[in-house]
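Visitor: Here it is, the structure, as structure tokens.
The values are calculated or read from the model by the stated rules, or taken from the named source; none is laboratory data. Only a predicted model underlies this, so the values are computations on that prediction, with no experimental measurement involved. In this analysis, Cβ positions are derived from the backbone assuming ideal geometry, glycine residues included, and neighbour counts consider all displayed protein chains.
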Ligand SMILES: *Cc1c(COP(=O)(O)O)cnc(C)c1O
């Protein structure tokens, strides 16, 4: 059944009059989340106390919700588990992948990758010592840079700044032909576009839920391990909940079965309750349709901005095949322009040095929102209303 976008939009809490083009950074709240979290607090934590782990299914949540996310990213059931933050999951996936390809020492990534992914790789290679090193190349060169020295290719499918999308199937295939493993970061893919982890034969994948999947600030990340690796991959972060028998309290570590071993510690129960509510909105959604609609909204926005605010320079590829769910424009005064937009109720964000970023999330953004956003942006540029000292003061979070 085709998605009723207007009905989906009504499921989100969006402040009156606001045009929220930042669901790629922090997804809005679904209306049912407060009641679901309240239930987890009052009826579960409040009344059940410690019994909640068994009686309210808290311990099983990371796997149960993992299966609902699995459907959205083309993963086999039982291959995804929730927990920790994305940075931690990047480290975990990369450490396991490196250990599975011990004769090679190079982690290949691209210069467009999110800094935290690169920092985690840097930290890990330093800890491993020896010849381990992180090599980064321009995003366009990622595939051709895969050679027989590369142990693991670690890439984010959609570039957080430009919105440029890697060809996941081709890169994975090429890596495997070269004897490398691949870790895909789906931070800007999960809930934004169709992903087919099983189909492309990805080895590991990670992603977050507070962006396109609306779990709320600090919502847990997820990790995927291909079934063929699930009982081989050894967790570097060997916490008790990834142990084969956590409540046996053994002195030494034995990895749990399959994806269970990628758990680390106590799951964030309240945050998972918010995610549970958010996923109700996603369970019947076809991501191909979501992405097709996002591309229509993006095209509308690009066309409008290019004709009415031509001083802004498109930073996102024009080809639909190379786009995720965001559109970015460059301008030297990008920060001030974004602050002026936010002051007028159009929320996007800014990424240094000069990128204005706009997310097009069709479950709660429609053509009307896009038309209004274009009009407001055009007016700000025509009248130069961004050129005020208060719009140039940098806040801690941009
Ligand atoms: C958002 C994002 C992160 C953030 O990591 P956290 O640990 O959740 O703060 C990491 N990597 C990528 C690619 C991202 O887009």
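Visitor: Kindly state which helices (runs of 4 or more DSSP H) lie completely within segment 2-120 and contain at least 2 residues that are touching a residue at least 12 places away in the same chain (Cβ under 8 Å) and either within 17 Å of the chain's Cα centre (by Cα) or within 16 Å of the ligand (Cβ to nearest atom) (or both).
Guide: Values: elements: 5-9, 33-39, 52-55, 61-72, 86-99.
Because the criterion is at least 2 residues that are touching a residue at least 12 places away in the same chain (Cβ under 8 Å) and either within 17 Å of the chain's Cα centre (by Cα) or within 16 Å of the ligand (Cβ to nearest atom) (or both), the helices (runs of 4 or more DSSP H) in segment 2-120 that meet it are 61-72, 86-99.
Visitor: Quick check on this structure: which one of 215, 189 is touching a residue at least 40 places away in the same chain (Cβ under 8 Å), assigned by TED's automatic domain parsing to the domain that holds residue 160, within 16 Å of residue 166 (Cα to Cα) and within 14 Å of the ligand (Cβ to nearest atom)? Write out each step before concluding.
Guide: On the way: 215 fails: within 16 Å of residue 166 (Cα to Cα).
Just a single option satisfies the conditions, and that option is 189.
Visitor: May I pose another question? When only residues in segment 144-170 that are closer than 18 Å to residue 195 by Cβ and away from the ligand (no atom under 16 Å from the Cβ) count, which is nearest to the chain's Cα centre (by Cα)? Even if it seems obvious, please write down each step before you answer.
Guide: So the first thing to find is which residues in segment 144-170 are closer than 18 Å to residue 195 by Cβ, and the list is 153-160, 163-170.
Filter once more, keeping what is away from the ligand (no atom under 16 Å from the Cβ): 167, 169-170.
Values: 167: 17, 169: 18, 170: 21 Å.
Checked segment 144-170; the qualifying residue nearest to the chain's Cα centre (by Cα) is 167.
Visitor: Kindly check whether there is at least one residue in segment 242-255 that is out of contact with any helix residue (DSSP H, G or I) (no Cβ under 7 Å at 6 or more places or on another chain) and in contact (Cβ under 8 Å) with a residue 60 or more places away in the chain. Break it down stepwise before answering.
Guide: Taking segment 242-255 and keeping what is out of contact with any helix residue (DSSP H, G or I) (no Cβ under 7 Å at 6 or more places or on another chain), we get 243-245, 247-254.
Of the ones still in play, those that are also in contact (Cβ under 8 Å) with a residue 60 or more places away in the chain are none.
No, segment 242-255 contains no residue that is out of contact with any helix residue (DSSP H, G or I) (no Cβ under 7 Å at 6 or more places or on another chain) and in contact (Cβ under 8 Å) with a residue 60 or more places away in the chain.
Visitor: Taking the condition of being outside any helix (DSSP H, G or I) and over 30 Å from residue 57 (Cβ atoms), how many residues in segment 270-309 meet it?
Guide: To start, the set of residues in segment 270-309 that are outside any helix (DSSP H, G or I) comprises 283-286, 309.
Subset that is over 30 Å from residue 57 (Cβ atoms): 309.
Count: 1.
Visitor: Suppose we filter segment 121-133 for residues that are within 16 Å of the ligand (Cβ to nearest atom) and surrounded by fewer than 23 Cβ atoms within 10 Å (Cβ to Cβ); how many remain? Outline the logic, then answer.
Guide: Here is the first cut: in segment 121-133, the residues within 16 Å of the ligand (Cβ to nearest atom) are 121-124.
The next check asks that each one be surrounded by fewer than 23 Cβ atoms within 10 Å (Cβ to Cβ); those that pass are 122-124.
Residues meeting the conditions: 3.
Visitor: If I go through segment 236-260 residue by residue, how many of them are in a helix (DSSP H, G or I) and closer than 19 Å to residue 182 by Cα?
Guide: 2
Visitor: While we're here: Residues in segment 383-398 that are part of a helix (DSSP H, G or I) and touching a residue at least 12 places away in the same chain (Cβ under 8 Å): how many? Reasoning before the result, please.
Guide: First pass over segment 383-398, keeping only residues part of a helix (DSSP H, G or I): 383, 389-391.
From what's left, touching a residue at least 12 places away in the same chain (Cβ under 8 Å): 390-391.
The qualifying residues number 2.
Visitor: I need the strands (runs of 3 or more DSSP E) fully contained in segment 323-374, keeping only those with at least 1 residues that are buried (at least 24 other Cβ atoms within 10 Å of the Cβ) and touching a strand residue (DSSP E or B) at 6+ places or on another chain (Cβ under 7 Å).
Guide: Working: elements: 326-330, 349-351, 355-359.
Per the criteria, 326-330, 355-359.
Visitor: Can I ask one more? Would you be able to say whether some residue in segment 228-240 is within 17 Å of residue 65 (Cα to Cα), touching a helix residue (DSSP H, G or I) at 6+ places or on another chain (Cβ under 6 Å) and in contact (Cβ under 8 Å) with a residue 60 or more places away in the chain? Steps first, answer last, please.
Guide: Here is the first cut: in segment 228-240, the residues within 17 Å of residue 65 (Cα to Cα) are none.
No, that holds for no residue.
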